[in-house]
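Here's the structure, in structure tokens; my notes come after.
A short reminder: the numbers here are calculations on the coordinates, not readings from a lab. This one's a predicted model, so the numbers in the text were calculated from it and none came from an experiment. We place every Cβ from the backbone using ideal geometry, glycine too, and count neighbours over all the protein chains shown.
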Amino acid sequence: MCGIVGYIGGQQAAPLLLEGLTRLEHRGYDSAGLAVLGPSGVRVAKQAGRVRDLGDGLPKRFTGKIGIGHTRWATHGPATDANAHPHTDESGRVAVVHNGIIDNAAALRLELADAGVELVSDTDTEVLAHLVARSTADTLEARTAEALARVEGTYGIAVAHADFPDRIVVARNGSPLIIGVGKNEMHVASDLAALVRYTTTVAHLADGEMATVTADGFSTYLVRTIDGAGHVGLAATDRRASEVEIDPSSYDAGEHDSFMHKEMLEQPARAEAVLRGRLDEKFGTGHLGGLNLDARELRAIKRVKILGCGSAYYVGQMGAALIEELARIPADAEAASEFRYRNPIIEPDTLYVAVSQSGETIDTLLAVQEIQRKGGFVIGLVNVVGSAIAREVDGGIYLHAGPEVAVASTKALTNMFLAFAMLAVQLGRVRDLSISDGRRLIAGLNAIPGQVAEVLGREEELAEVARELAGAENLFFVGRVRGFPVAREGAQKFKEISYRHAEAYQTSELKHGPLALISPEVPTVAIVPDDELVERNVAALHEIAARGGPLTVVTHAGVDLGDLERTARRIDVPRSERELDPILLTIPLQVLAYHAALSLGHDIDKPRNLAKSVTVE
Ligand code: G6P
């Protein structure tokens, strides 16, 4: 959420910063801005709208070889030109870009206003520019540290100052900040995506760490002391840059019209990557070394509690069902955003599982910290290596989905499910899951990548259904037991990129309310796997059909829909082991959402009002 870039070196900064911002736009895209430091001081260009609008409207000769930039997702104040970053002080000599939230911004704004400072935006960030400007310390590092000592909250920031024209000062507390080392030039960014075109030699700042970045290198330090007058002492740290193994093309959509399309189609290969080396066919179990739990410790687990947000929460519900079914351990998933606020009971024999693609979602991160404060053991199912959640957890399973750029999660979600399946089998196999059942499931998992490819191969047929569904203002997605989280995830995808009102319901609950809304204008997408509930599910579909509700049924070949066959559309997915069905039922729902949004002409990768990683509460 929100993206930061910075450049210092021998080239003009503005074009490089714009390119970097384009790469970060999925993180926030309601406004964008740049500040460059040239011979005439700091110049700022910023406005509401997309990065391309900023680039198109950039003043001529916007020159300078030092610069910082930002792409915003509004939190404090609406998306206006004045609220876009960078923010400056009254003299216009200091420019600041910031990710995160300053919790005591209101008090600091009052204090600054009392001191006669005229605040020109509604943002929390603006106070930082004024605080840096008002510090009388000798160095930009100390001035920035003094300003930061006044703020409570989270930040990744970059500061440029006309009086210190050879450097950018950056700091991190809760929001990622990465330094990229080039040849006689240096880059700064909040995400690798903005850097990989220029360099793969990077240093990640730790929380609390600051850095000075000059054209020929960087140095890092921590605030050691703060005296009564707010003066700070800094102590050097020895952070070094290292090579990251990353293929820069994984940040390009290539021949696809959107990242979502590219990422959907990558699923078979990425699914293989998450399973690789982790399936023990001989003993019919998972082999998850990163859990940091031996068989005895796995056996001692009495309960599993899964936490995530958005799609990660829904796949957490699929995971909970898998664990209960295969390991017979009580398991449930809860929205991480709610968990912390109800003073949760943390039990020593519970395994806590944090699920996150980005590893940055603040609600999930804060839930992890709350559990750890109370002595709980947390593992992470995380995609981004080295991200905040990945670093804080006691063990985990990396998802190996590769960079995911589209806001709507596809390949990361699929790999979350597969990671849960391996965890469930491993937990089951130290309990009562038999070796033959273990082997049956491992074989089922091995088949999933090919089966996902099979579903994706039917894109054209699914696109046709999607275009029809896109015509409805309101839709239901229904399922039961294993199928219900699938329906929830399907509705989430559909609503977030098509902007249609898609509501998920348990099929069994339809008669307790929602049937009142069924009509020929309200289609239902029903999840009907060939499992022990198939007959009941089909009966409920008749109730919908009797009220004129159009039906799309995601099911298995051989399921008899009776006289509904004449009116309902069916989408048959390949059969898996029953326990593993949810993921194959989910894949066509991604394609439906994608093609519905495409037919409506929406910006698929950047749905309105949303952002890829939500790093504010
Ligand atoms: C945002 C995105 C969702 C995503 C959720 C959790 O809300 O729009 O698509 O599922 O964050 O993100 P995470 O990175 O923690 O998986």
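Data table
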| read-out | value |
| --- | --- |
| Nonlocal amide H pairs with His76, under 5 Å, H built at 1.01 Å | Asp124 |
| Cross-link pairs beyond the 28 Å C-alpha cut-off, checked among Lys302/Lys374; Lys60/Lys262; Lys305/Lys612; Lys305/Lys411 | Lys60/Lys262 |
| Radius 15 Å from Cβ of Ala273, net charge of other residues (Lys, Arg +1; Asp, Glu -1) | -2 |
| Difference of contour (0.36 nm per residue) and Cα-Cα distance, Ser508 to Thr139 | 126.2 nm |
| Theoretical FRET efficiency, 1/(1+(r/R0)^6), r = Cβ-Cβ of Ala539 and Lys282, R0 30 Å, to 0.05 | 0.10 |
| Net charge of neighbours whose Cβ lies under 14 Å from the Cβ of Ala320, counting Lys and Arg as +1 and Asp and Glu as -1 | -1 |
| Sorted peptide list for 191-198, 430-437, criterion being average Cβ within 10 angstrom, highest first | 191-198, 430-437 |
| Of all DSSP beta bridges in region 78-212, antiparallel share, percent nearest 5 | 95 percent |
| Proxy reagent accessibility, fewest Cβ within 10 Å first, across His187, His400, His501 | His501, His400, His187 |
| Amide H contacts under 5 Å for Ala82, placed H, 5+ residues apart | none |
| Separation of the Arg240 and Thr214 label points, Cα + 7 Å toward Cβ, nm | 2.1 nm |
| Cβ-based exposure ranking for Glu468, Glu209, Glu255, in which fewest neighbours within 10 Å come first | Glu255, Glu468, Glu209 |
| Whole-Å distance, taken between Cα centres, linking region 340-389 and region 16-90 | 34 Å |
| Coil-residue trypsin sites (Lys or Arg not before Pro) of region 237-297, DSSP, other Cβ within 10 Å capped at 13 | Arg240, Arg276, Lys282 |
| Packing-based exposure ordering (other Cβ within 10 Å, fewest first) of Phe283, Phe164 | Phe283, Phe164 |
| For the chain, projected area of the alpha-carbon convex hull averaged over all directions, nm² | 28.4 nm² |
| Average Cα contact separation per residue, region 3-246, under 8 Å, 6 or more apart, as relative contact order % | 19 percent |
| Estimated distance in nm for a label pair at Gln47 and Asp81, the labels positioned 7 Å out from Cα along Cα-to-Cβ | 0.8 nm |
| Inter-probe distance in nm under a simple model that places probes 7 Å from Cα toward Cβ, at Arg431 and Glu255 | 4.7 nm |
| Arg608-Thr225 FRET efficiency (beta carbon distance; Förster radius 60 Å; 0.05 resolution) | 0.80 |
| 5 angstrom amide H check on Val5, placed H, neighbours 5+ away | Gly69, His70 |
| Selection from Thr144, Val97, Ile571 lying farthest towards where the dipole of the chain points positive, charges on Cβ | Thr144 |
| The chain: antiparallel DSSP beta bridges as a percent of all, rounded to 5 | 60 percent |
| Environment charge at Val553 (Cβ cut-off 11 Å; Lys +1, Arg +1, Asp -1, Glu -1) | 0 |
| Gain in span if fully extended, Ala443 to Ala107, counting 0.36 nm per residue against the direct Cα distance | 115.0 nm |
| Dipole magnitude (debye, nearest 20) for region 426-544, charges at Cβ of Lys, Arg, Asp, Glu | 540 debye |
| Packing-based order for 71-81, 115-125, 92-102, using average beta carbon neighbours within 10 Å, highest first | 92-102, 71-81, 115-125 |
